[in-house]
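Accompanying notes for the structure given below.
A short reminder: the numbers here are calculations on the coordinates, not readings from a lab. Fair warning: this is a prediction, and the values are worked out from it, not measured in the lab. FYI the Cβ positions are ideal-geometry reconstructions off the backbone, even for glycines, and counts take in every protein chain you see.
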Amino acid sequence: MIIDSIDNYKNYENLGIKISLALNHISTTDFDNKEPGRYDIDGDNIFVMVNDYNTKNINECRLEGHHKYIDVQYLVKGSELMGYVPLSDQAVSVEYDDEGDVAFFEGHSLFVKLDKGMFVIFFPEDLHMPGIGDGDPVRKVVVKVKI
């Protein structure tokens with residue numbers, strides 16, 4: 001997991017061309033005026049999902065993990081807590097769905113706060129629990145980067 005301000009995105013260009021493209025796209029796009037939905041950068045290799053939602057109580061959120069994609073999550077508006085824990089021997093609560101590229105897990109996590117202008121990168125070995133809060137509105141961009 002990596003967490004930082006988008007102002008520092010150039011520090012992560014050495015993580016590969018796809019992540020570099022994702023971070024550059026985030027830093028140069030006006031997401032305040034984009035409609036929610038999916039936007040392709042490079043087809044299924046790199047695509048953006050613009051999401052508007054209200055944060056949820058921690059009891060309504062679940063740890064998730066992905067096999068095919070790295071998540072680059074960027075907060076456009078609002079703030080939220082995110083759970084994080086390295087994948088180890090956590091019990092699977094919902095088996096992996098290949099089409100949705102997601103499995104859900106039981107277990108405890110550490111929490112980080114993501115504020116407007118911050119991004120986080122979750123790799124396949126990073127379980128994460130996004131969207132935690134007190135019901136406040138959030139606009140978040142998730143760039144899916146195929147491994």
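Order the peptides 86-95, 45-54, 104-113 from the highest to the lowest mean number of other Cβ atoms within 10 Å of their residues.
Working: 86-95: 11.0, 45-54: 16.3, 104-113: 13.7.
By packing density, highest mean first, the sequence is 45-54, 104-113, 86-95.
Using θ = phi - 60° and the Karplus relation 6.51 cos²θ - 1.76 cosθ + 1.60, list the HN-Hα couplings for region 114-127 in order, rounded to whole Hz, with x at every Gly or Pro.
Computed from phi, the couplings for region 114-127 are 9, 10, 3, x, 9, 10, 9, 10, 10, 8, x, 8, 10, 7 Hz.
Measuring from a point 7 Å past the Cα of L87 along Cα-to-C-beta, which residues in region 1-41 have an amide N at less than 17 Å?
Inside the label zone: 1-2.
Which whole-number percentage describes the relative contact order of the chain, with Cα contacts under 8 Å and a sequence gap of 6 or more? Each step should come with its number before you reach the end.
Details: 332 pairs, mean separation 54.6, N = 147.
Reported as a whole number, the value is 37 percent.
Could you list which residues have their amide H under 5 Å from that of K56, counting only those 5 or more apart in sequence or on another chain, with H placed in the peptide plane?
The list, which skips near neighbours in sequence, is I132, G133, G135.
How large is ³J(HN,Hα) for each residue in region 77-86, as worked out from phi by the Karplus curve 6.51 cos²θ - 1.76 cosθ + 1.60 (θ = phi - 60°), to whole Hz, x for Gly and Pro?
9, x, 8, 8, 8, 10, x, 8, 7, x
Given the chain, what percent of its DSSP beta bridges are antiparallel, to the nearest 5?
Numbers: 48 of 50 bridges.
If I count the DSSP bridges inside the chain, around 95 percent turn out antiparallel.
List the extent of the Cα atoms of the chain along each of their three principal axes, largest first, rounded to whole Å.
39, 32, 27
Taking amide hydrogens as modeled 1.01 Å from N in the peptide plane, which residues meet the under 5 Å criterion relative to L87, leaving out close sequence neighbours?
D126, L127
Just from its helices, what would the mean residue ellipticity at 222 nm be for the chain, if runs of 4 or more DSSP H residues each count -39500 (n - 2.57) and the sum is divided by every residue, rounded to the nearest 500 deg cm²/dmol? Write down the numbers at each step before the final one.
On the way: 1 runs with 12 residues, N = 147.
The helix contribution divided over the chain gives -2500 deg cm²/dmol.
Using each residue's phi in region 54-68, evaluate 6.51 cos²θ - 1.76 cosθ + 1.60 at θ = phi - 60° and report the 3J(HN,Hα) Karplus result to the nearest Hz, with x for Gly and Pro.
Result, rounded to whole Hz: 9, 4, 10, 4, 4, 5, 9, 10, 9, 5, 10, x, 10, 9, 9.
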